1. For segment 72-97, what are the residues that are aliphatic (A, V, I, L, M) and in a helix (DSSP H, G or I)?
2. Could you give every pair whose Cβ atoms fall below 8 Å, whose first residue belongs to segment 62-80 and is in contact (Cβ under 8 Å) with a residue 60 or more places away in the chain, and whose second residue is loosely packed, with under 10 Cβ neighbours inside 10 Å, counting only separations of at least 6 or pairs across chains?
Amino acid sequence: MEVRRALDIQAGDRLDFVIEADVVHLVTPRMRAEALWAKNDGGDAGDSTRDVRAARAADQTKVAARWARIDAVVAESGAKSEDEIADEVFAALGLKP
């Protein structure tokens with residue numbers, strides 16, 4: 001029980017034995033995860049904050065371009081804008097827009 005407590009191992013936990021030269025390490029998935037995150041300094045992965053912001057900006061640019069295309073098609077077709085339609089509905093109902 002002392003070994004389980006020291007390694008924070010519960011009954012049914014998965015254990016791996018890692019052999020390095022003449023040393024055997026007992027490793028839990030949690031230990032592997034902690035070791036991985038401890039080494040995560042950005043390195044080759046880059047700056048995740050910058051990457052997320054760049055992706056968000058690219059998405060916003062795509063959305064703005066899509067709305068610009070829609071607006072252009074609507075303007076070319078002579079279709080009424082949502083505001084114009086709302087004004088007509090309000091006027092037909094005797095309400096002020």
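1. Matches in segment 72-97: Ala72, Val73, Val74, Ala75, Ile85, Ala86, Val89, Ala91, Ala92.
2. The qualifying pairs do not exist here.
Bear in mind that the values in this text are calculations on the coordinates, not laboratory data. Because the structure is a prediction, the values reported are computed rather than measured. In this analysis, Cβ positions are derived from the backbone assuming ideal geometry, glycine residues included, and neighbour counts consider all displayed protein chains.
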